[in-house]
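S.K.: Take this structure first; my questions come after.
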2 protein chains.
Amino acid sequence: MLSETILGFGFKKNCMREIAAYGTKRKAEIGADKVFDFSLGNPSVPAPPCVEETIRELLSLDSTSLHGYTPAPGLPSLRRTIAKNLQERFGLPIRDDLVYVTCGAAAGLAICMHALLLPGEEVIAFAPFFTEYRMFTEGMGGTLVSVPPTESLQPDLDALAASLSEKTKVVIVNTPNNPSGVILSDESLKKLSGILHAAELRYGHPIYLVSDEPYRELVYDGQQVPCVLNYYDNAIMDYSYSKSLSMPGERIGYLAVSPRMEDASTIFAAICGAGRVCGFVNAPSLMQRVIEKCIDKTSDINMYKINRDLLYNGLKELGFDCVYPDGAFYLFMKTPEPDAEAFCRRAMKENLLVVPGDSFGTPGYVRLAYCVSPEVIERSLPTFKKLAEEYGLKPTSSEG
Amino acid sequence: MLSETILGFGFKKNCMREIAAYGTKRKAEIGADKVFDFSLGNPSVPAPPCVEETIRELLSLDSTSLHGYTPAPGLPSLRRTIAKNLQERFGLPIRDDLVYVTCGAAAGLAICMHALLLPGEEVIAFAPFFTEYRMFTEGMGGTLVSVPPTESLQPDLDALAASLSEKTKVVIVNTPNNPSGVILSDESLKKLSGILHAAELRYGHPIYLVSDEPYRELVYDGQQVPCVLNYYDNAIMDYSYSKSLSMPGERIGYLAVSPRMEDASTIFAAICGAGRVCGFVNAPSLMQRVIEKCIDKTSDINMYKINRDLLYNGLKELGFDCVYPDGAFYLFMKTPEPDAEAFCRRAMKENLLVVPGDSFGTPGYVRLAYCVSPEVIERSLPTFKKLAEEYGLKPTSSEG
């Protein structure tokens, strides 16, 4: 009498949140300083001062406009600001009438799937990928096709080519990647674009590339994140301010449809229709105005770089095998036993909380969210050392 | 290649917003004081001071928790506060674990339809009803069955009985009603409950009653809004703080599943699953905390009563035939010609902006949103008088 798919998603525990809840409980029992919680991607760096300042200023506005409805795709002034920002940063001819302000990147993805997918069609995602991709796809009666990564955790583009079919409607990329921190390179994007374009010609219908990029600003060592819309025309950018402005709970981001897409305005209309069907009236009005003022700001991203270096180097020295993360605030580590869940349970006994890669479609790994204070990382290293010794890992030099 | 239904909703203009946009343009052309805009249900009364005060206080909290993720169904403390509030006000055994905090009432309805409907199933709504009910239903492959009202614009329960079928999964009620302001009476709810319960027994499956009640606090003359969950067990309450706290742009409300529902926890799980599929991660975190503090407050509702009396009495005196609104901030008026859209166009020429009842599944009427300043109503009456005279209406006394 109910959809088994949707009911299943309701009963399915969110593994990360379960582990985090256990962490909260443990902290109360034994003291917060004795629990090393790397489970959740909740920013540890405060929002930039601009956020609080802007909220205070906005409170002097007329309450009925400040908290009133905005047009469904967002305040016109904010849509213009976003378009201009993208034009300036990426040299893209983004049009404000193709920008749709969302309640965050998850909302953007759900809306894209509602807009683009028909039952029986396929969505391709590169493992490791964010769990919810499956919900957004299967909730619409689509099928998620997972492409396993290369040995170095890069998207396997040859495997992509073999996974494409007549039924492929959408390909999702996530750059920088959650959970691996890998950035899609210029070279990969060129190859990806060529493969997809050839498939479009072969099958005679568009294949939409949805680029999920909430971690775009979280990159280190001067790394650049190439802009997907500069490589492929049938592309939609899905962005969120959750991480760059440290406000994931406020739910604000946008979708930008490439103006180079042949049927851009039709796809934009489908996005608007999908937004209505999902029950999105408008993105939170106060926060829309905050973004307009703070669009050029970020939280102190350097704090994450300090954490990345501390954790990556620490684990490498102990002999753990980690993917070097160029961006985001996650580290994806190969587990010293094949069963990542067993490793997680063992770590949990030491009050060290990490998430099995199985949640991201990639067994044999764990994700460590290093959006914590550097002290947590420092204090956790002896526990990692204990585990490394138990597993008989061989310490290495700190070159990484 | 795309869903015709969703694409259609994207291209379909929102009639109210179109008229409002015309109003904004006209105001710029001829002066705001010469346009009488009754098109939009955007509260005209500011949020109570508690909202601004609470936001200012909250800004002293740690930024990463204030703006951080909350659990998907809402902050535990807010869910408890909402449950307690409903227990105290309605004597209902509401359980906090059956409260799901939403991004407003539209989100709540969309989530309910995703949770409850299978393709081919039917949703019954009583005309006049909020346009988006159709989108939430048809977007899920369901069929919306509209039950026309009685002569006095009350829900026609005999017509409901005739509309129920094996396929009926959900019945939506909206009390007080947008656009008529009608409150579902104790008597109607008893009868409705009996009809639905009999149908459940006849068809051997539950029929869920979804009670959409964002206008619950907007009632006048000491009117009470009977609580639907006290009449029918398989019921879900859909609430929003948009109108009671004058913050429709902030998108915050809740779903409360009746604890008397036999499969309450299964339905709650389906709601959680549907929330994930629609892309709702959590309701805006700052606003969740605002609601926790301001749950007992409302905007100055009396302002709407002043408007209601002014407009209703004014129109009656001129000879217009109006439904007396006990609640909400809308007045539903019979048009003096059968074609409501023609009447709207005629009024528009006089810079008087009203919405045709066709948008609510009820031709022959127009909706006037009287969430405006009383001066707008006063200044509009000569224009209504002019129209009344052109249509040859007979002025009446002011008894109403």
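A quick yes/no check of all residues on (1) of a type in the set (D, E, K, R); (2) exposed (fewer than 15 other Cβ atoms within 10 Å of the Cβ):
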{"position": "B:R346", "(1), (2)": "yes, no"}
{"position": "B:N351", "(1), (2)": "no, no"}
{"position": "B:T362", "(1), (2)": "no, no"}
{"position": "B:L368", "(1), (2)": "no, no"}
{"position": "B:C371", "(1), (2)": "no, no"}
{"position": "B:P374", "(1), (2)": "no, no"}
{"position": "B:S380", "(1), (2)": "no, no"}
{"position": "B:E390", "(1), (2)": "yes, yes"}
{"position": "B:L393", "(1), (2)": "no, no"}
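S.K.: Out of the residues in the stretch B:1-58 meeting the condition of being within 23 Å of B:R251 (Cα to Cα) and of a type in the set (F, W, Y), tell me which one is modelled with the lowest pLDDT. Give the derivation first.
M.R.: Going residue by residue through the stretch B:1-58, those that are within 23 Å of B:R251 (Cα to Cα) are B:6, B:9-10, B:12-21, B:38-58.
Filter once more, keeping what is of a type in the set (F, W, Y): B:9, B:38.
Details: B:F9: 90, B:F38: 96.
Top of the filtered list is B:F9.
S.K.: Just name the residue that is surrounded by the fewest Cβ atoms within 10 Å (Cβ to Cβ) out of those in the stretch B:127-141 that are assigned to a loop (DSSP other than H, G, I, E, B) and within 11 Å of chain A (Cβ to nearest Cβ).
M.R.: Once the filter is applied, the top-ranked residue is B:G141.
S.K.: Do we find a residue being out of contact with any Ser or Thr (no Cβ under 8 Å at 6 or more places or on another chain) and modelled with pLDDT under 95 anywhere in the stretch B:230-253?
M.R.: Checked against the condition, which is being out of contact with any Ser or Thr (no Cβ under 8 Å at 6 or more places or on another chain) and modelled with pLDDT under 95, the stretch B:230-253 yields no hits at all.
S.K.: Something else now. Give me the residue from the stretch A:238-288 that is acidic (D, E) and surrounded by fewer than 24 Cβ atoms within 10 Å (Cβ to Cβ) and, out of that set, farthest from the other protein chains (Cβ to nearest Cβ).
M.R.: Selected residue: A:E262.
S.K.: Considering the stretch B:142-183 alone, what residues qualify as being among the aliphatic types (A, V, I, L, M) and within 14 Å of chain A (Cβ to nearest Cβ)?
M.R.: B:L144, B:V170, B:I172
S.K.: Which of the residues belonging to the stretch B:262-278 are among the aliphatic types (A, V, I, L, M) and at pLDDT below 95?
M.R.: So in the stretch B:262-278, the residues among the aliphatic types (A, V, I, L, M) come out as B:264, B:267, B:269-271, B:274, B:277.
Within the stretch B:262-278, none qualify.
S.K.: From B:L160, B:L144, B:L153, which residue is hydrophobic (A, V, I, L, M, F, W, C) and part of a loop (DSSP other than H, G, I, E, B)?
M.R.: B:L153
S.K.: Can you name the number of the only condition in (1) under 27 Å from A:F384 (Cβ atoms); (2) surrounded by fewer than 23 Cβ atoms within 10 Å (Cβ to Cβ); (3) of a type in the set (S, T, N, Q); (4) within 14 Å of chain B (Cβ to nearest Cβ) that A:T298 fails?
M.R.: Checking A:T298 against (1) under 27 Å from A:F384 (Cβ atoms); (2) surrounded by fewer than 23 Cβ atoms within 10 Å (Cβ to Cβ); (3) of a type in the set (S, T, N, Q); (4) within 14 Å of chain B (Cβ to nearest Cβ), the one that fails is (1).
S.K.: Please specify each residue of the stretch A:356-394 satisfying the condition of being within 22 Å of B:Y69 (Cβ to Cβ), out of contact with any strand residue (DSSP E or B) (no Cβ under 9 Å at 6 or more places or on another chain) and not in a helix (DSSP H, G or I).
M.R.: The answer is A:S373, and nothing else.
S.K.: Which ones in the stretch A:107-126 are surrounded by fewer than 24 Cβ atoms within 10 Å (Cβ to Cβ) and within 7 Å of chain B (Cβ to nearest Cβ)?
M.R.: Selection gives A:L118 alone.
S.K.: Every residue in the stretch A:22-52 that is under 21 Å from A:K243 (Cα atoms) and without any contact (Cβ under 8 Å) to a residue 40 or more places away in the chain, please.
M.R.: Scanning the stretch A:22-52 gives A:P49, A:E52.
S.K.: Which helices (runs of 4 or more DSSP H) does the stretch B:205-319 wholly contain that include 2 or more residues that are of a type outside the set (F, W, Y) and within 28 Å of B:H114 (Cβ to Cβ)?
M.R.: Where helices (runs of 4 or more DSSP H) fall fully within the stretch B:205-319 and carry at least 2 residues being of a type outside the set (F, W, Y) and within 28 Å of B:H114 (Cβ to Cβ), they are B:264-278, B:285-294.
S.K.: Residue by residue through the stretch A:47-81, note down the ones that are within 18 Å of B:L66 (Cβ to Cβ) and aliphatic (A, V, I, L, M).
M.R.: A:A47, A:V51, A:I55, A:L58, A:L59
S.K.: Another question about this same structure. So which of B:T81, B:T64 is hydroxyl-bearing (S, T, Y) and touching an Asp or Glu at 6+ places or on another chain (Cβ under 6 Å)?
M.R.: Working: B:T64 fails: touching an Asp or Glu at 6+ places or on another chain (Cβ under 6 Å).
The unique qualifying residue is B:T81.
S.K.: Considering A:E57, A:E53, A:E88, A:E4, which residue is of a type in the set (D, E, K, R), under 30 Å from A:L144 (Cβ atoms) and surrounded by fewer than 16 Cβ atoms within 10 Å (Cβ to Cβ)?
M.R.: The match here is A:E4.
S.K.: Could you check how many residues of the stretch A:142-174 are surrounded by 20 or more Cβ atoms within 10 Å (Cβ to Cβ), without any contact (Cβ under 8 Å) to a residue 60 or more places away in the chain and of a type in the set (V, I, T)?
M.R.: 5
S.K.: Next up: Residue check: is B:L92 more than 11 Å from every other protein chain (Cβ to nearest Cβ), outside any helix (DSSP H, G or I) and either at pLDDT 95 or above or over 30 Å from A:Y203 (Cβ atoms) (or both)? Walk me through it before giving the result.
M.R.: Working: more than 11 Å from every other protein chain (Cβ to nearest Cβ): yes; outside any helix (DSSP H, G or I): yes; either at pLDDT 95 or above or over 30 Å from A:Y203 (Cβ atoms) (or both): yes.
Yes; evaluated as a whole, the condition is true for this residue.
S.K.: Looking at A:N230 and the list (1) crowded, with 21+ Cβ neighbours inside 10 Å; (2) within 19 Å of A:D96 (Cα to Cα); (3) away from chain B (no Cβ under 12 Å), which single condition is not satisfied?
M.R.: Condition not satisfied by A:N230: (1).
S.K.: Being of a type outside the set (S, T, N, Q) and free of Cβ contacts under 8 Å to residues at least 40 places away in the same chain is the filter here; which residues of the stretch A:62-78 pass it?
M.R.: Step one: of the stretch A:62-78, the residues of a type outside the set (S, T, N, Q) are A:62, A:66-69, A:71-76, A:78.
The answer is A:D62, A:P76.
S.K.: Out of all the residues in the stretch B:178-203, which are hydrophobic (A, V, I, L, M, F, W, C) and either out of contact with any strand residue (DSSP E or B) (no Cβ under 9 Å at 6 or more places or on another chain) or without any contact (Cβ under 8 Å) to a residue 40 or more places away in the chain (or both)?
M.R.: B:I195, B:L196, B:A198, B:A199, B:L201, listed by residue number.
The values are calculated or read from the model by the stated rules, or taken from the named source; none is laboratory data. Since the structure is predicted, the reported quantities are computational estimates derived from the model, not experimental observations. Backbone-built Cβ (ideal geometry, glycine too); neighbour counts: all protein chains shown.
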